[in-house]
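Coordinate-derived values only; no laboratory data. Bear in mind that the values here come from a model prediction, so they are computed numbers and not experimental data. Because the Cβ atoms are built from the backbone with ideal geometry, glycine has one as well, and the counts that use them run over all protein chains shown.
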Amino acid sequence: MLEILLNHYPVLIKGLTTTLVVSLSAIALGLVFGVLLAFGLTSRHRWVRWPCGLYRSFWRGTPILLQLLLVFYLLPEVGIEVAPITAAILTLTLNTTAFQSEIFRSGIAHIPAGQIEAARMAGISAWQTRRRIVMPQVFRLTLPPLTNEIITILKNSSLISVIAVTELMRVSEQIASRTFQPLETYLAAAVLYLAVNLVLAQISAHLERRLAGGLATE
Amino acid sequence: MPTADAITSPETTKRQTPSKPIVEARGIGKSFGELEVLSDIDFRLEPSEVVCVIGPSGSGKSTLLRCLAFLEPYDHGSVHIDGQLLGYEQRGGMRVRARESHIDAVRAPVGMVFQHFHLWPHRTALENVTEALRLVNRLSRRDAEAEGMAMLERVGLAERAGHFPESLSGGQKQRVAIARALAMQPRVMFFDEPTSALDPELVGEVLDVMKQLAHDGMTMAIVTHEMGFAAKVADRVVFMDQGRIVESGAPETLFRHPQSERLKQFLNTWRERHID
């Protein structure tokens, strides 16, 4: 395994970089759209909640491999030509948006309604209340499940090799077929995935400790 | 421990001359599904008037206050704040819910204090007070903090400015909540059972702040179980039962000469519980 890592580290690092670019792009975009979708899911208007719920159910209820293939083959059908890596980022974003929105929705549900009423009575607008009162607490409350989702997306990114994106998994397959050392190669890939996820978990634990103050709900 | 006289000895000078009300509700009603919780309520609050709303649990007191603030939309009738209809507007000949920005604008003169404080736990005491000053009044951080400190001093909590709510006692939390509402310079304050969630020994510090506000001429509507406080501070007491206003009047009249059987029964129960 060590031999594989040492002999092939330039391509492995390149593959890992692609994995990180795709995953982190999807996670960052999913964060923005996930928050917006959570607002839609918690809207008091049924005509807003209903389509948001439909979106969440579809992207949460179908396999991510199927979603990848659908996006990859559907876009050219409607005249949109995109590179495989763009289709991969798009699919993972659409997928993680659904999961992150559900994480944020449960976080929003934990904020006592009275805090929002107090903000409204102080004249703070609905948007400012969400931005300044609700979401800072939601991010703190949902950091553990959010970390899980980030790790899941990073691992699920291995599936994008099926649409010919040369990320860590695909690079590993190529090395394995060239060297005839599949076990050592996949073990090396596992070590790299594990290392990145351990770093992410450490960052999350550090943030959780730092943000712990002032979280008691009444 | 309050005595029987505690609810029959008003200290404040009662106002007699009617003027233009700050808050005026006419015929408001509210139901939760099949359950009617408010029925045909008329309510007026004039400048510098202190009105205490008393009554048994479930009588609709808090719902009335929440409807007056449009935290609960009332089903029919009207609530006017400074002559402006709160919560609804006429569109195409129909009454429809007003835009949130319009609701905010109409109830801007109202500050509210809640039973469970509802401080924002991720903000310090000072930040709780300055948040709306910065977001709504657009004050600079320095000006907002100066104003916020003045408000915390007013409720005797300047030295706790940097503390998060989790490290404050219940009474201190409620005083911060009062400072937060006062910071927006309301013309009228609504208090929804402000001492009901407090340990008995912490009640006094909150009532003292409210007495001082009344003394300073603040217009207040207070839903409370503190009958002694109502007797001493209120200009008028409103007794509610089963979603209706049963009796209303000056505290000395209401507490000494209750007219309805229901109020007599309520006061007797209170006396038995607090004097025996």
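Assorted remarks:
- Note on residue B:95 and residue A:202: with the Förster distance fixed at 56 Å, the Cβ-Cβ geometry gives a FRET efficiency of about 0.45.
- Mean partner shielding of peptide A:109-120, defined as the number of other chain Cβ atoms within 10 Å of each residue Cβ, is 5.
- For chain B, the relative contact order comes to 29 percent (Cα pairs under 8 Å, sequence separation of at least 6).
- If you wrap the tightest convex hull around every Cα atom of chain A and split its volume per residue, you get 139 Å³.
- Across peptide B:131-138, the mean count of Cβ atoms from other chains lying within 10 Å of each residue's own Cβ comes to 5.
- For chain B, the number of Lys pairs with C-alpha atoms closer than 15 Å, counting only pairs eight or more positions apart or on separate chains, is 4.
- Computed log10 I(q)/I(0) for the stretch B:29-117 at 0.17, 0.23 Å⁻¹: -0.80, -1.38, from the Debye equation with unit scatterers placed on every C-alpha and solvent omitted.
- Among beta bridges from DSSP that stay inside the protein assembly as shown, the antiparallel ones total about 60%.
- Across q = 0.12, 0.14, 0.25 Å⁻¹, the stretch A:1-90 modelled as identical point scatterers on its alpha-carbon atoms has Debye log10 I(q)/I(0) values of -0.56, -0.71, -1.21, in the order of the q list.
- Spacing of the modelled spin labels on residue B:102 and residue B:75, each 7 Å from Cα toward Cβ, amounts to 2.3 nm.
- Using θ = phi - 60° in the Karplus curve 6.51 cos²θ - 1.76 cosθ + 1.60, the 3J(HN,Hα) couplings for the stretch A:149-161 round to 5, 4, 5, 4, 5, 4, 6, 5, 4, 4, 6, 6, 4 Hz; x is entered for Gly and Pro.
- Across the protein assembly as shown, Cα-Cα pairs farther apart than 33 Å form 52% of the total.
- If R0 is 30 Å, the Cβ-Cβ spacing of residue B:269 and residue B:185 corresponds to a FRET efficiency of close to 0.15.
- Over the protein assembly as shown: helical MRE at 222 nm, DSSP H runs n ≥ 4 each giving -39500 (n - 2.57), nearest 500: -17500 deg cm²/dmol
- Taking the C-alpha atoms of the stretch A:133-187, convex hull volume expressed per residue in Å³: 90 Å³
- Rounded to 0.05, the FRET efficiency of the residue A:45 and residue A:106 pair, given R0 = 30 Å and the Cβ-Cβ distance, is 0.90.
- Backbone N within the stretch A:164-198 under 18 Å of label point (7 Å from residue A:24 Cα along the Cβ vector): A:166-169, A:192-198
- Distance from the stretch A:142-158 to the stretch B:217-247 (C-alpha centre basis), Å: 54 Å
- Gyration tensor verdict on chain B (Cα atoms; rounded if a/c is under 1.5, prolate if a/b is larger than b/c, oblate otherwise): oblate
- Mean separation of Cα pairs under 8 Å and 6 or more residues apart, divided by the residue count, gives chain A a relative contact order of 31 percent.
- The Rg/Rh ratio for the stretch B:90-229 is 1.02, where Rg is the radius of gyration of the alpha carbons and Rh is the Kirkwood radius.
- Relative contact order %, the stretch B:26-81, counting alpha carbon pairs below 8 Å whose residues are six or more apart: 44 percent
- Peptide B:167-174 has a mean of 1 when you count, residue by residue, the C-beta atoms of other protein chains within 10 Å of its C-beta.
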